[in-house]
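To start, the structure itself, in structure tokens.
Coordinate-derived values only; no laboratory data. Everything numeric in this text was worked out from a predicted model, so none of it was measured. Every residue, glycine among them, receives a Cβ derived from its backbone with ideal geometry; neighbour counts consider all protein chains shown.
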Amino acid sequence: NPTHKPKDEL
Amino acid sequence: MNAFRLAGDMTHLLSIILLLLKIRATKSCAGISLKTQELYVIVFMSRYLDLFRTYYSLYNSLMKIIFLGTSMCIVWYMRSHKVVRQTYNNDEDTFRHFFLVLPCFVLALLVHRNFTFIEILWTFSLYLESVAILPQLVLLQKSSNIDNLTGTYVFLLGAYRGLYLFNWVYRFFTENHRVRWIPWLSGLIQTAIYTDFFYYYIRSWKNREKLKLPA
């Protein structure tokens, strides 16, 4: 089950 | 971090360095839209609220601080520096912030993932960033004399989100498969807005002509 990716982008 | 993401960030950083270089070296902000620069301050302030809440990496924190600091520095130069501010194209930079900020905020209230303060502002920042270049493009259309630094600044700024699109495709296939509609569509629209500019910029570069956008 895909998880929400943390906001690690800019 | 993949190569597309890194290239995107570096392009973004380079565009800002170039703009600051132009302002500092020529003591002029001619051709630069203060409206767009102020929108970027709003974008970064609303997106990087998590700076002191969530730690991702030193790289991530440093870049956020750089983007916040430089965007505010550019606005300061354009509004308050006694020499630079006199070169600002006040009469031609007529786009109203309000017409971009309000619709983006309303859209963020309507279309978001979670109804939390941070999440709404994060979503708002993505919507606003996708259209923040519009005042700058309108100003360029009115300018008969676009200098090289300004043209290249806008080109790099547009290229950055285009590289992020490749980064998202790459991450979609290499990491867990999850659709992230809000950043993807915003980034796609953001890059699409530059299409015309890219065309004229590359054409002027190939033909070694001065950049001019059709009105």
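So the values come out like this:
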| read-out | value |
| --- | --- |
| Spherically averaged projected area in nm², based on the convex hull that wraps the Cα atoms of the stretch B:107-215 | 8.3 nm² |
| Charge context of B:LYS142, other residues only, Cβ under 14 angstrom, K/R +1, D/E -1 | -1 |
| Distance histogram for the protein assembly as shown (every C-alpha pair counted, 10 angstrom bins, percent rounded to whole numbers) | 8, 32, 38, 18, 5, 0 |
| Those GluC sites (Glu not before Pro) in the stretch B:103-181 that DSSP places in a loop and that have at most 13 other beta carbons within 10 Å | B:GLU175 |
| Fraction in percent of alpha-carbon pairs per bin - 5 Å, the stretch B:1-131 | 2, 10, 17, 19, 19, 16, 11, 5, 1, 0 |
| Cα-only Debye scattering, the stretch B:44-197: base-10 log of I(q)/I(0) at q = 0.12 Å⁻¹ | -0.63 |
| Charge-dipole axis of chain B as Lys and Arg at +1 and Asp and Glu at -1 on Cβ define it, positive-most pick from B:TYR160, B:TRP122, B:LEU102 | B:TYR160 |
| Helix-derived mean residue ellipticity, 222 nm - over chain B, DSSP H n ≥ 4, -39500 (n - 2.57), to 500 | -23500 deg cm²/dmol |
| Listed residues B:MET72, B:MET63, B:MET45, most fluctuating in chain B (Gaussian network, C-alpha, under 10 Å) | B:MET63 |
| Degrees, to the nearest 10: B:148-174 long Cα axis against longest axis of chain B | 20 degrees |
| Signed unit charges on C-beta, dipole axis of the stretch B:31-92, positive-most listed residue B:ILE66, B:ILE32, B:PHE52 | B:PHE52 |
| Reachable lysines from B:LYS64, criterion Cα separation under 19 angstrom, eight or more residues apart if same chain | A:LYS5, A:LYS7 |
| Kirkwood Rh and Cα Rg combined as Rg over Rh, evaluated for the stretch B:34-107 | 1.06 |
| Paired Rg and Dmax values of the stretch B:1-67, which use every Cα atom, in angstrom | 13.9, 39 |
| Most fluctuating residue given options B:GLN86, B:GLN37, B:GLN136, as computed from a GNM of chain B linking Cα atoms under 10 Å | B:GLN86 |
| Residue of B:SER204, B:SER15, B:SER28 that the Gaussian network model of chain B assigns the largest fluctuation, springs spanning Cα pairs under 10 Å | B:SER204 |
| Debye, to nearest 20: dipole size of the stretch B:1-125, +1 on Lys, Arg Cβ, -1 on Asp, Glu Cβ | 280 debye |
| Total charge dipole magnitude, chain B, about the Cα centre, Cβ charges on Lys, Arg, Asp, Glu only, Debye to nearest 20 | 320 debye |
